[in-house]
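Enquirer: Please find one structure pasted underneath; my questions will follow.
The values are calculated or read from the model by the stated rules, or taken from the named source; none is laboratory data. This structure is a prediction, so every number in the text was calculated from the model and none was measured. When we count neighbours, we look across all protein chains shown, and the Cβ atoms used for this are built from the backbone with ideal geometry, even at glycine. What goes into the accessible areas is simple: the full protein's heavy atoms, side chains included, and nothing from ligands, DNA or RNA. Shrake-Rupley method; radii C 1.70, N 1.55, O 1.52, S 1.80 Å.
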Amino acid sequence: MVGSANLNVMIKTARMAGRALAKDFREVENLQVSMKGPGDFVSRADTNAEKIIREELMTARPTYGWLGEESDAVEGEDPTRRWIVDPLDGTTNFLHGMPHFAVSIALEHKGQIVAGVVYDPSKDELFFAEKGTGAWLNESRLRVSGRNRLIESVFATGLPFGGSPNLPDLLQDLARLLPATAGVRRWGAAALDLAYVAAGRYEGFWERGLNPWDIAAGLIIVREAGGLVEPIDPKGDIMDDGNILCANEAIFDQFAKIIRNT
Ligand code: IPD
Ligand code: CA
């Protein structure tokens, strides 16, 4: 697959940051047993990955804007384009020595996501897509699954933690969904949840209260793999409220009906 110059910069950058994270992840396993734990070390690994990404992208495209999880947003000289970046999605997994985390880089143009890269360095899986040219996992073209029976379908979500206000809604979703499906997974990295829907591993995914950097890259990867992505409340705005619902086309309506309770 030959991508645009922008996509190539995004891929090179995601691999570079991914390599740095993978190296730090090996350290986390040693720190796990110390009294202090790996907390400070992980936040340094996270900040360091964002620094690598920011330097690479802002050097390659100095006029673009920036929205990242770990540093201040920047409005670019070109106000129509900005990078949306999560240097380490799946931080809790990383902190606990679980190899399921990713670098997520998206490019937005005039309010639309036009390219996305999600890189999982532990499995060397690079998911990427560009508007109109399909979605890919390494060298293979991606397609959402064709399953159309809920009882054979597996879904992913994020479980609210801390004092999240989304817990009551989620518990009700699960009460309606679990009896009707083959199961629900919570693996702790929203960018990878979306990429897995694109890859046909999950039939669908939903979560409330995500941030733009959790979603931006995965969103275009799902759409380019043939999946449907909508706000949970049809009148909502995913990038604004972070409430997202996506699935393969065959199961979307049945799944959306349960999550929206309509
Ligand atoms: C988190 C992960 C997780 C989701 C959380 C996010 P982080 O991002 O994507 O799956 O449930 O809501 O905040 O903190 O690991 O970058
Ligand atoms: Ca995240």
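Enquirer: For the charge dipole of the chain, defined by +1 on Lys and Arg C-beta atoms and -1 on Asp and Glu C-beta atoms about the Cα centroid, which residue among PHE25, ILE151, LEU126 has the Cα displaced farthest towards the positive pole?
Expert: Most positive-ward Cα: ILE151.
Enquirer: Heads up, I need the accessible area for ASP40: 1.4 angstrom probe, whole protein in place, Å², nearest 10.
Expert: Counting only protein heavy atoms, the figure is 80 Å².
Enquirer: Where does the charge balance sit around LEU192 when Lys and Arg score +1, Asp and Glu -1, over other residues with C-beta under 13 Å from its C-beta? Please report the intermediate quantities before stating the final value.
Expert: On the way: positive: LYS123, ARG185, ARG186, ARG201; negative: ASP86, ASP89, ASP120, GLU125, ASP193, GLU207, ASP214.
After counting each charged neighbour, the total is -3.
Enquirer: Quick one: what are the phi-derived ³J(HN,Hα) couplings along segment 132-147, Karplus 6.51/-1.76/1.60 with θ = phi - 60°, whole Hz, x for glycine and proline?
Expert: For segment 132-147, the Karplus curve yields x, 10, x, 10, 9, 10, 6, 9, 9, 5, 9, 9, 4, 6, x, 4 Hz.
Enquirer: If you don't mind, there's one more thing I want to ask. May I ask for the net charge around GLU75, where only other residues with Cβ less than 12 Å from the Cβ of GLU75 are counted and Lys, Arg are +1 while Asp, Glu are -1? Display every interim value, and only then the final one.
Expert: Numbers: positive: ARG81, ARG82; negative: ASP72, GLU77, ASP78.
Local net charge: -1.
Enquirer: Could you state the accessible area per residue of the chain in Å², with a 1.4 Å probe and every protein chain left in place? Don't skip to the answer; put the middle values down first.
Expert: Working: 11900 Å² over 262 residues.
With the other protein chains kept in place, the chain gives 45 Å² per residue.
Enquirer: Per-residue HN-Hα couplings for segment 234-246, Karplus 6.51 cos²θ - 1.76 cosθ + 1.60 at θ = phi - 60°, whole Hz, x for Gly and Pro?
Expert: So the Karplus estimates, Gly and Pro as x, are x, 8, x, 10, 4, 6, 8, 9, x, 9, 10, 9, 8 Hz.
Enquirer: Further question: Give me the dipole magnitude in Debye, nearest 20, for segment 73-134 about the Cα centre, with unit charges on the beta carbon: positive for Lys and Arg, negative for Asp and Glu.
Expert: Working: 5 positive and 10 negative charges, 26 e Å.
The dipole of segment 73-134 has a size of about 120 debye.
Enquirer: Can I ask one more? Give me the percent of accessible area attributable to carbon and sulfur for the chain, probe 1.4 angstrom. Walk me through the intermediate numbers first.
Expert: Numbers: 6070 of 11900 Å².
The nonpolar share, carbon plus sulfur, comes to 51 percent.
Enquirer: Can you list residues from other chains, or at least 5 along the same chain, whose modelled amide H is less than 5 Å from the amide H of ALA156?
Expert: Under 5 Å from the amide H of ALA156: ARG185, GLY204, PHE205, TRP206.
Enquirer: Counting only protein chains, not ligands or nucleic acids, how are ASP233, ASP253, ASP214 ordered by accessible area (probe 1.4 Å), most first? Spell out each step's value before the answer.
Expert: Values: ASP233 75, ASP253 115, ASP214 15 Å².
Listed by decreasing accessible area, they come as ASP253, ASP233, ASP214.
Enquirer: Under 8 Å for C-alpha pairs, at least 6 residues apart: give me the relative contact order for segment 150-260, rounded to a whole percent.
Expert: Over segment 150-260, the number comes to 28 percent.
Enquirer: Excluding ASP120 itself, what net charge comes from residues whose Cβ is under 14 Å from its Cβ, given Lys and Arg +1 and Asp and Glu -1?
Expert: Values: positive: ARG15, ARG19, LYS123, ARG201; negative: ASP86, ASP89, ASP124, GLU125, ASP193.
Result for the neighbourhood of ASP120: -1.
Enquirer: Would you look at the GNM of the chain, springs on alpha carbons closer than 10 Å, and say which of GLY65, GLY162, GLY236 moves the most?
Expert: GLY162
Enquirer: Within the chain, count lysine pairs with alpha carbon atoms under 22 angstrom apart where the residues are 8 or more positions apart or belong to different chains.
Expert: 10
Enquirer: Right, something else. Amide H neighbours of LEU142 under 5 Å, counting only residues 5+ apart in sequence or on other chains, H built in-plane at 1.01 Å?
Expert: The answer is ALA135, TRP136, LEU137.
Enquirer: So, taking all protein chains as they sit and a 1.4 Å probe, how much accessible area belongs to LEU170, in Å² rounded to tens?
Expert: 10
Enquirer: Going by accessible area, probe 1.4 Å, with all protein chains left in place, what is the ranking of ARG143, ARG208, ARG82, largest first? Provide the component values of the computation, followed by the final result.
Expert: Values: ARG143 155, ARG208 40, ARG82 80 Å².
The ranking, largest first, comes out as ARG143, ARG82, ARG208.
Enquirer: Could you give the distance between the Cα centres of segment 195-262 and segment 164-181, to the whole Å?
Expert: After rounding, the separation between the Cα centres reads 16 Å.
Enquirer: Using DSSP to call loops (not H, G, I, E or B), can you name the GluC sites (Glu not before Pro) in segment 110-164 whose Cβ has at most 10 other Cβ atoms within 10 angstrom? Don't jump to the answer; show the numbers that get you there.
Expert: Numbers: sites: GLU125, GLU130, GLU139, GLU152; in loops: GLU139.
In loop regions of segment 110-164 (DSSP not H, G, I, E or B), the sparsely surrounded GluC sites (Glu not before Pro) are GLU139.
Enquirer: Roughly how much of LEU167 is accessible, in Å² to the nearest 10, using a 1.4 Å probe?
Expert: For LEU167, solvent-accessible area is about 80 Å².
Enquirer: Per DSSP helix of 4 or more residues, -39500 (n - 2.57); summed, then divided by the residues of the chain. What does that give at 222 nm, rounded to the nearest 500? Walk me through the intermediate numbers first.
Expert: Values: 8 runs with 103 residues, N = 262.
About -12500 deg cm²/dmol.
Enquirer: Next question. For the full complex of protein chains and a 1.4 angstrom probe, list ARG147, ARG176 by accessible area with the highest value first. The partial results should precede the final answer.
Expert: Details: ARG147 105, ARG176 70 Å².
Final ranking, largest accessible area leading: ARG147, ARG176.
Enquirer: Hey, what did the chain get for relative contact order, percent, Cα under 8 Å, at least 6 apart?
Expert: Details: 570 pairs, mean separation 43.4, N = 262.
That works out to 17 percent.
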